[in-house]
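Trainee: Below you'll find the structure I mean.
The values are calculated or read from the model by the stated rules, or taken from the named source; none is laboratory data. The structure presented is a predicted model; accordingly, all values stated were derived computationally and were not measured. We place every Cβ from the backbone using ideal geometry, glycine too, and count neighbours over all the protein chains shown.
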Amino acid sequence: RGQRPTERPVPAAPVSAAVAAAPPEGAMSNGVYVPPSAANGDVKPVVSTTPLVDFLMQLEDYTPTIPDAVTGYYLNRAGFEASDPRIIRLISLAAQKFISDIANDALQHCKMKGTASGSSRNKSKDKKYTLTMEDLTPALAEYGINVKKPHYFT
């Protein structure tokens, strides 16, 4: 009662009933709870960075699908200079996932189009699909990318 929902309750010190226990100064900073021992400004991150460090170390041995030279070229062209090759590989990995997600979404559109048209005669597991603009356009639209054929192809 009487507390904001983002505040954690502070254990009440033995005080008289007339005076309510107030949270210590600095116990709440931008909606983030700061322990009283760290209220003097010596705040250290509570989250361990070892998973991130381990992941970055694994990137040293990883060969991405998009070569480092290609990623580095486009990063330099965009004005980004990375001296650490792990950062370039991390961006290559993110770009690879982005392209993979778009291709997978386009494949799902193609499969849905195939089942909607009633082509149940060909129930082969090894059916080959062709990436077309009709399937790629709605997949890209989900990511906010609008693609249209040039007027001379319509």
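Trainee: Cβ-Cβ under 9 Å, sequence separation 6+ or interchain: first residue in segment 41-62 and under 22 Å from Ile91 (Cβ atoms), partner assigned to a loop (DSSP other than H, G, I, E, B) and modelled with pLDDT of 70 or more. Which pairs?
Mentor: Note: pairs meeting the criteria are Leu56/Asp84.
Trainee: If you don't mind, there's one more thing I want to ask. List the helices (runs of 4 or more DSSP H) that sit entirely inside segment 50-154 and contain at least 2 residues that are surrounded by 13 or more Cβ atoms within 10 Å (Cβ to Cβ) and at pLDDT 90 or above. Walk me through how you get there before you give the answer.
Mentor: Values: elements: 50-59, 68-77, 85-116, 133-141.
Correct list: 68-77, 85-116, 133-141.
Trainee: Still on this structure: Just checking, does segment 21-35 include any residue being modelled with pLDDT under 55 and in contact with a Lys or Arg (Cβ under 6 Å, 6 or more places away or on another chain)?
Mentor: yes
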